[in-house]
Amino acid sequence: MIDDYSLPLNLPFSIGIYVAVNALPDVFLFMDAPSCAIAKARYVYGNHDLMSTLLDESGCHRVVDSSANICTVPIVRDEDMKRRLRTTASLDACQAIIISAFHLTEVTGIQYDALARQMEPEVKKPVLYVPNKSLNDDWLDGYEACLCTLAEAVELKGTAPDSRKAAIVGYLMDRTEEDHISNIKELNRILA
């Protein structure tokens, strides 16, 4: 019998959030994490998705980190995070911000949901929190959590059911390459 020392094929929860944000070209991800949050974007950018826009050669990435580290995590960092969120929201390309965190910072008890609610009226753009609660969940769980957070934020008041309309929910847009773009075009054609 041969022992298996290969790397696991399953990626962590946070990568699912990156993949979901990658599919939304006007959404930015604010990750309360060390600067390796940017490096994690490379799991998607130029690796899994050759057309990814998570990172930008100009340095204006759609993934923004808090630059937390082992020394700063225990310190109150709310004002610094608010400053970074304001700067991110001021970008023309940014129409919404997803906030999440690595476990290193999530365990400190920062109220990210309250931070998101506080910042949204100030920046006049949706600011949504996707909790990173489990060490066992994989990237599909992260993708699902991000989609559920987005779906909960959609306001449906004033819309009555219409039997002539349909919606497709949950298409796994894990790459923005032409095969997926073509799938979306075909789904739109079918629905039309």
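Which of the residues that make up the range 114-149 are open to solvent by 50 Å² or more (accessible area, probe 1.4 Å), assigned to a loop (DSSP other than H, G, I, E, B) and either closer than 19 Å to Tyr18 by Cβ or touching a Pro at 6+ places or on another chain (Cβ under 9 Å) (or both)?
Of everything in the range 114-149, those that are open to solvent by 50 Å² or more (accessible area, probe 1.4 Å), assigned to a loop (DSSP other than H, G, I, E, B) and either closer than 19 Å to Tyr18 by Cβ or touching a Pro at 6+ places or on another chain (Cβ under 9 Å) (or both) turn out to be Pro126, Lys133, Leu135, Asn136, Asp137.
So how many residues does the range 100-113 have that are open to solvent by less than 60 Å² (accessible area, probe 1.4 Å), out of contact with any helix residue (DSSP H, G or I) (no Cβ under 6 Å at 6 or more places or on another chain) and in contact (Cβ under 8 Å) with a residue 40 or more places away in the chain?
The total comes to 6.
Identify, by number, the condition in (1) out of contact with any Lys or Arg (no Cβ under 8 Å at 6 or more places or on another chain); (2) over 20 Å from Ala37 (Cβ atoms) that Asp138 doesn't meet.
It is condition (2) that Asp138 fails.
I'm told Ile98 meets every condition in (1) of a type outside the set (Lys, Arg); (2) under 24 Å from Asp141 (Cβ atoms); (3) over 12 Å from the mean Cα position of the chain (by Cα); (4) at pLDDT 90 or above except one. Can you identify the failing condition by its number?
Unmet condition: (3).
Pick from the range 150-178 the residues that are at pLDDT 85 or above and open to solvent by 70 Å² or more (accessible area, probe 1.4 Å): which of them is nearest to Asp113 (Cα to Cα)?
Filtering first and then ranking leaves Glu152.
Given the structure, is Ser67 at positive phi and of a type in the set (S, T, N, Q)?
Taking the combined requirement at face value, the residue satisfies it.
Scanning for something more than 21 Å from His103 (Cα to Cα) and either at pLDDT below 90 or surrounded by 15 or more Cβ atoms within 10 Å (Cβ to Cβ) (or both), does the range 29-39 turn up at least one residue?
No: the range 29-39 contains no residue that is more than 21 Å from His103 (Cα to Cα) and either at pLDDT below 90 or surrounded by 15 or more Cβ atoms within 10 Å (Cβ to Cβ) (or both).
Given the condition more than 19 Å from Val21 (Cβ to Cβ) and of a type outside the set (Asp, Glu), answer yes or no: does some residue in the range 171-181 qualify?
no
Is one or more of the residues making up the range 65-85 surrounded by 13 or more Cβ atoms within 10 Å (Cβ to Cβ), within 12 Å of the chain's Cα centre (by Cα) and within 18 Å of Lys125 (Cβ to Cβ)?
no
Taking the residues in the range 40-64 that are aliphatic (A, V, I, L, M) and assigned to a strand (DSSP E or B) as candidates, determine which candidate is most open to solvent (accessible area, probe 1.4 Å).
Val64
Return the only residue of Ala33, Ala41, Ala20, Ala68 being touching a residue at least 12 places away in the same chain (Cβ under 8 Å) and more than 20 Å from Ala145 (Cβ to Cβ). Quick ask: steps written out before the conclusion?
Numbers: Ala33 fails: more than 20 Å from Ala145 (Cβ to Cβ); Ala41 fails: more than 20 Å from Ala145 (Cβ to Cβ); Ala20 fails: more than 20 Å from Ala145 (Cβ to Cβ).
When all the criteria are applied, what remains is Ala68.
If the Cβ limit is 9 Å and pairs must be 6+ apart or interchain, which residue in the range 116-137 that is within 17 Å of Leu29 (Cα to Cα) pairs with which residue that is of a type in the set (Asp, Glu) and open to solvent by 90 Å² or more (accessible area, probe 1.4 Å)?
Final answer for the pair search is Leu128/Glu152.
The values are calculated or read from the model by the stated rules, or taken from the named source; none is laboratory data. Since we're looking at a predicted model, the values are computed, not measured. Backbone-built Cβ (ideal geometry, glycine too); neighbour counts: all protein chains shown. Keep in mind that these areas ignore ligands, DNA and RNA; they rest on the heavy atoms of the full protein, side chains included. Shrake-Rupley method; radii C 1.70, N 1.55, O 1.52, S 1.80 Å.
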